[in-house]
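The values are calculated or read from the model by the stated rules, or taken from the named source; none is laboratory data. Remember, predicted model here, so these are calculated numbers, not experimental data. Cβ: placed from backbone, ideal geometry, glycine included. Neighbour counts: every protein chain shown.
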Amino acid sequence: MASPSYTVLVVDDDASIRFLCRVNLELEGWTVREGAALAQARSALDDGDVDVVLLDVHVGAESGVDFIAELRDTHPEVAVVLLTGSVGTPTLEGVEVDGVIAKPFMPTELTGMVRKLAPRVARGAG
């Protein structure tokens, strides 16, 4: 049975990470949108129909962690998963995320996290 179609937004300044995420998520039947900068992420979110955001801790010179507060204000229905290549866990005190995936990660970690979160988000919207 095919997976229901959800839309995942991958926000990372590293093109190889975006590619890895896109290929593995599309194999599961999900629609994937990409952003290499937070401006692209904002545009994609404003276009609508995003269920899960995979967000790098550092998007170029911008802070993905700081962007989470904005996301929670403007799109509270969207699940947010933080991607981090930082040593140790970034300071998340007062930051609401639905999951954290450490880089490097296995594709099954990525797809498993989205599989867990997307249906919950879709149910909450209906």
Segment 39-49, subset surrounded by fewer than 22 Cβ atoms within 10 Å (Cβ to Cβ) and not polar (S, T, N, Q), residue farthest from residue 6 (Cα to Cα)
39
For segment 70-81: of the residues being within 23 Å of residue 116 (Cβ to Cβ) and out of contact with any helix residue (DSSP H, G or I) (no Cβ under 8 Å at 6 or more places or on another chain), which is surrounded by the fewest Cβ atoms within 10 Å (Cβ to Cβ)?
76
Report whether or not residue 16 is at pLDDT 95 or above and among the small types (Gly, Ala, Ser).
yes
Within segment 71-82, track down each residue that is over 13 Å from residue 43 (Cβ atoms), touching a residue at least 12 places away in the same chain (Cβ under 8 Å) and part of a helix (DSSP H, G or I).
71, 72
β-branched (Val, Ile, Thr), touching a residue at least 60 places away in the same chain (Cβ under 8 Å) and surrounded by 15 or more Cβ atoms within 10 Å (Cβ to Cβ): is that true of residue 8 in this structure?
yes
In segment 1-42, the residues that are over 21 Å from residue 64 (Cβ atoms) and either under 12 Å from the mean Cα position of the chain (by Cα) or outside any helix (DSSP H, G or I) (or both):
1, 2, 3, 4, 5, 28, 29, 31
Could you grab me the full set of residues in segment 21-31 that are in contact with an Asp or Glu (Cβ under 9 Å, 6 or more places away or on another chain) and surrounded by fewer than 20 Cβ atoms within 10 Å (Cβ to Cβ)?
22, 31
